[in-house]
Amino acid sequence: MSTANSVNDTQLGLSTHEVQLLRYHQTAALQQSAPQSTSSRAASAASSQGRLLLDPSSLAALSAHLDRVIHEIQRRWAALHAQTQQATQLQYDRAGNVVGDADAAIEQFQQLCDQIEELQMEFEKIKRIGEIVKGYRARVEALDRRVGR
């Protein structure tokens, strides 16, 4: 491995995690493009020395690999986005149904309350009529007793 084809990983301005991720993807890219190739072994050797391989073929392989990774991430994101929208629409529909059902139940309850109020008014009228009837009956009975004596 030539040091001209590699760079010390501390010169890239990346965090330790980012360097590890870059090494992982470089190794994966080279293994996908040509398993057990010279480039793959050179990348492993460079990595063990704290360097990253920068020759044109390894950079092309890394670029193609990262394009595939990005494409896969975008595909998965689109699938999750579609699932999220579907779940959101389902919840929206359910909420709409719940609101509609609640509105119908409120309307029915209001109608029942109106009917109860009407029945209470009718009950009060009948109660008053019953008291009037009792009064007339008492008068009639009193008159009947006077007349019948």
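All of the numbers you see were taken from the coordinates with simple rules; none came from a lab. Please read these numbers as outputs of a predicted model, since none were measured by experiment. Glycine gets a Cβ as well: all are built from the backbone with ideal geometry, and neighbour counts include every protein chain shown.
Expressed as an acute angle from 0 to 90° and rounded to the nearest 10, what is the orientation of the C-alpha long axis of helix 56-148 relative to the principal long axis of the chain? Value to nearest ten degrees: 10.
Principal axis extents of the C-alpha atoms in the chain (largest first, rounded to whole Å): 142, 25, 21. Net length available on complete extension from Gln86 to Gln115 is 6.1 nm, with 0.36 nm assigned per residue and the Cα-Cα distance removed. The range 87-128 and the range 130-149 have Cα centres lying 47 Å from one another. Annotation: peptides 8-17, 52-61, ranked by per-residue average of other Cβ atoms within 10 Å with the highest first, follow the order 52-61, 8-17.
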